[in-house]
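J.: I am attaching a structure below and will ask some questions about it afterwards.
Bear in mind these aren't lab numbers, they're just calculated from the coordinates by the rules spelled out. Just so you know, these numbers come straight off a predicted model, no measurement behind them. Reconstructed Cβ throughout: ideal geometry from the backbone, glycine too, with neighbour counts over all protein chains shown.
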Amino acid sequence: MNLEEYRGVWVFIEQRNGKLVDVGLELLGAGRDLADKLEVDLCGVLLGHNIKDLSKDLFEYGADKVYVIDDPILEQYRSETYMVAVGDLVRKYKPEIFLYGATSNGKDLASAVATEVMTGLTADTTLLDVDLEKRLFEASRPAFGGNIMATILCKKHRPQMATVRPKVMKKRDREEGRVGELIEESISLQEESLRTKVLEIVRDTKKAVNLEDAVIIVSAGKGIKDEKGLQMVRELADVLNGTVGASRDIVEAGLIGHDHQVGQTGLTVTPKLYFAIGISGAVQHTVGMENSETIVAINNDPDAAIFNVAHHGVVADAFEIVPLLTEEFKKALQEEAKEGGVAHA
Amino acid sequence: MNILVCIKQVPDTKIIKVNPKTNTLDRSSAPAILNPYDAHAVEEAVGLRAVHGGKVTVLCMGPPQAKEAIKKCVEIGADEGFLISDRRFAGADTLATSYALYKAIQKMMVDDGVDLVLCGKHAIDGDTGQTGPGIARRLGIPPLTNVIKIEEVDLENQQMKVHRKIENGYELIQSSLPCLLTVEKEINEVAYSPLPNMLRAARYTPTIWTVDDLNDVDIKQLGLKGSPTIVGKMWPPAKSEGANIIEGDVKKQVSEIVSLVLEKRELFEVKGGE
Ligand SMILES: Cc1cc2nc3c(=O)[nH]c(=O)nc-3n(C[C@H](O)[C@H](O)[C@H](O)COP(=O)(O)OP(=O)(O)OC[C@H]3O[C@@H](n4cnc5c(N)ncnc54)[C@H](O)[C@@H]3O)c2cc1C
Ligand SMILES: Nc1ncnc2c1ncn2[C@@H]1O[C@H](COP(=O)(O)O)[C@@H](O)[C@H]1O
């Protein structure tokens, strides 16, 4: 493999029903920085049916080029078709870096493409950079092995690929009227020869939790021990009209669903107020909440790492302090509501 | 129906302890377990066998002690287990892992076809979820990831329908067989193992293969050598100035938190129209 042949930064642009998924625009923001450092083009890869017009947005958010394949066969995401389409593009145009959002489909596609073109892929990265001297992509993520970050490199294979969590990178301000080059390609597959078919897409409209838009999040970790401890945290969240978040440990323990998980393999959140109750503060957790406006940590261990990222900390037994907090907030908020001052949102 | 389940032995990350001074992992503190998602995959396979007949085989790449994870699968109900274990497999990233597993599956298929391959959604030591789709691509069969339900298996027409979890919802997807599924925990509850399974598992010894037992292996694609990704530098996460620690007894702590939160009035403003 001649590494010199590979140039340019690519972003997979996910769309659902003809609407762009935010993470694609966020990655154009991050990709722009990488492309500028490397002095190469930033390119979007847009697949689907009747989606060509979306390329306009991609240029305005920073893409120099957009590779489009518009074909009925690509209307719904399928590994089978997308993998071939993207694999063909990679072989033809040879990018050096390729970013995907770490969504269900983004991860599925990236994994398949990595094998299709035989290259390295780093999952769930939270920090991206390039080593200009060696012209190497540095994809970093919390490392398994403790409170530590690790940079993963892919020295001898191209493209260097990574999936990136939604909400970690920032999209750029839209630059109205910015234009770029649209490159249309086609796909050679026939529907009859395909082995999979999406029969139906069922959206859960009454989405139970919406952590990403929550103003107040009250998160629980292993320190709350069990169902009863979690209930105590729920009550505090209720009083504040907040949303319950969780560390991976209580998700894995089956106490609460994965859609509540904050962190590297959960959600990235930026509420105005984040309570971390009985959470030790492992980097896999903190990468998902460290940009919250105000972080209050409650932990009975004065050395807990969570106190390194929190703005306010209390060293206390959650089982003692949380019910008291709930009670005091209830009183205070009722009081204020009566006075017509602060109302309960 | 012949079902092959790929399973991995992982350190129990829920128990593993980190030494806060050195930032390193105390590996001795972590017992090795069967990757929890893979337990669900085996359970699903056992359930399918109950309906459609056939055989459930598990395949694992790992060190010799990973045979314990295979025995756990036999407890759940697997018929047979294969461990591929060799120093030349060590240090593999997901690309090299899927290559080794693929070579083992090819060898197994010489005697018996495979109708369905199951994997976990991801292994909890890395949460990557890349191995399953990699194996599927190498076998040339469709991968269906994040499966929460098997809706229908139609052996006559060599077809199945599954629910695949996506952001706020799921898709109903149909695939021809053979195909590869990666399963979520929601797919089933892992039942308590009946006594006969436990007894069988206690006595069970899996077949162990080394690289030399596999056919047409390109050694360059195995282990560390076959892994395109490597770990570069490592560093502890940046520390901020640290929290303002609220001292005093619980009463004082409570009242300070309440007032600092209530000061942020915008948190409690009524939104228009509500
Ligand atoms: C690949 C990978 C991905 C991961 N992704 C994520 C992720 O997305 N999100 C995530 O959160 N984690 C993730 N993790 C796990 C992460 O490394 C930590 O293991 C996890 O965050 C720890 O959860 P915890 O803080 O709830 O539990 P613990 O680390 O067990 O901490 C419990 C805390 O509670 C405190 N405590 C105990 N009793 C009390 C009490 N009575 N009152 C007050 N405090 C008390 C203890 O002092 C301790 O600090 C991931 C791990 C891996 C390997
Ligand atoms: N060493 C291994 N041996 C067998 N199966 C594996 C191995 N590594 C990964 N798998 C399978 O691939 C899935 C995803 O793993 P990962 O890509 O590491 O997250 C696991 O749930 C297993 O089903």
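J.: Determine the shape class of the stretch A:157-215: with a ≥ b ≥ c the square roots of the Cα gyration tensor eigenvalues, call it rounded for a/c under 1.5, and otherwise prolate if a/b is greater than b/c, oblate otherwise. Please list the in-between numbers first.
T.: Values: a/c = 1.84, a/b = 1.12, b/c = 1.64.
The shape class here is oblate.
J.: Further question: Under 12 Å from the Cβ of B:Gly226, count the other residues' Cβ atoms, weight Lys and Arg +1, Asp and Glu -1, and hand me the total.
T.: +3
J.: Now for a separate question. What per residue convex hull volume, in Å³, comes out for chain B when only alpha-carbon positions are used? If you can, show how the numbers build up before the last one.
T.: Working: hull volume 62.6 nm³, N = 274.
Taking the convex hull of the Cα positions in chain B, it is 228 Å³ per residue.
J.: Here's something else I'd like to know. So how far apart, in nm, are the two label points at B:Gln158 and B:Ile230 if each is 7 Å from Cα heading toward Cβ?
T.: 4.4 nm
J.: Oh, and also: Percent of Cα-Cα pairs per 10 Å bin, from 0 to the last occupied bin, for chain A, please list those.
T.: Bins of 10 Å from zero give 5, 23, 27, 22, 15, 7, 1, 0 percent of pairs.
J.: Give me the dipole magnitude in Debye, nearest 20, for the protein assembly as shown about the Cα centre, with unit charges on the beta carbon: positive for Lys and Arg, negative for Asp and Glu.
T.: Roughly 1320 debye for the protein assembly as shown.
J.: Next question, about the same structure. Taking H as built 1.01 Å from N, whose amide H comes closer than 5 Å to the amide H of B:Gly232, not counting residues under 5 places away?
T.: Residues meeting the criterion, in which the H sits 1.01 Å from N, are A:Thr151, A:Ile152, A:Leu153.
J.: To continue, here is another question. Please work out how much length the chain gains when fully extended from A:Leu132 to A:Thr270, using 0.36 nm per residue of separation minus the C-alpha to C-alpha distance, in nm with one decimal.
T.: 46.5 nm
J.: Ratio to report: Rg/Rh of the stretch B:58-182, with Cα atoms as the point set and Rh obtained by the Kirkwood method; give two decimals.
T.: On the way: Rg = 15.0 Å, Rh = 15.6 Å.
Using Cα coordinates only, the ratio equals 0.97.
J.: I've got another one for you. How high is the relative contact order of the stretch A:3-189, given as a whole-number percent (alpha carbon pairs under 8 Å, six or more residues apart)? Present the calculation step by step, with values, prior to reporting the outcome.
T.: Values: 416 pairs, mean separation 54.6, N = 187.
For the stretch A:3-189, the relative contact order is 29 percent.
J.: Beyond 25 Å between alpha-carbons counts as too far, so tell me which of A:Lys56/A:Lys92; A:Lys56/A:Lys167; A:Lys107/B:Lys239 fall in that bin.
T.: Over 25 Å Cα-Cα: A:Lys107/B:Lys239.
J.: Which entries in the list B:Lys161/B:Lys225; B:Lys233/B:Lys264; A:Lys225/A:Lys331; A:Lys156/B:Lys67; A:Lys52/B:Lys225; B:Lys71/B:Lys121 go over 30 Å, if you measure between the two C-alpha atoms of each?
T.: B:Lys161/B:Lys225; B:Lys233/B:Lys264; A:Lys156/B:Lys67; A:Lys52/B:Lys225
J.: On to the next question. Classify the stretch A:61-168 from the C-alpha gyration tensor, please: rounded if a/c falls under 1.5, else prolate or oblate depending on whether a/b exceeds b/c.
T.: prolate
J.: Hey, what number do you get for chain A at 222 nm if only DSSP H runs of n ≥ 4 count, each worth -39500 (n - 2.57), divided across all residues, to the nearest 500? Intermediate results must be reported in sequence, preceding the final value.
T.: Details: 9 runs with 99 residues, N = 345.
Result for chain A, helices only: -8500 deg cm²/dmol.
J.: Can you work out ³J(HN,Hα) from phi for every residue in the stretch A:118-124, in order, using Karplus 6.51 cos²θ - 1.76 cosθ + 1.60 and θ = phi - 60°, giving whole Hz and x for Gly and Pro?
T.: Rounded to whole hertz, the list is 6, 9, x, 9, 10, 8, 6.
J.: Follow-up question, since we're still on this one. To make sure I understand the rule: partners must be aspartates and glutamates, Cα under 12 Å from the Cα of B:Lys220, and not fewer than 8 residues away in the same chain. Which ones qualify?
T.: Within the straight-line cut-off, B:Lys220 pairs with nothing.
J.: Quick one: helix B:250-262 against the long Cα principal axis of chain B, what's the angle to the nearest 10°, folded into 0 to 90?
T.: Tilt relative to chain B: about 90 degrees.
J.: Also, quick follow-up: Binning every alpha carbon pair distance of the stretch A:211-338 at 10 Å from zero, what are the percents per bin?
T.: All Cα pairs, binned at 10 Å, distribute as 14, 49, 32, 5, 0 percent.
J.: Size of the dipole of the stretch A:3-189 about the Cα centre, Lys and Arg at +1 and Asp and Glu at -1 on the beta carbon, nothing else charged, in debye to 20?
T.: The calculation lands at about 500 debye.
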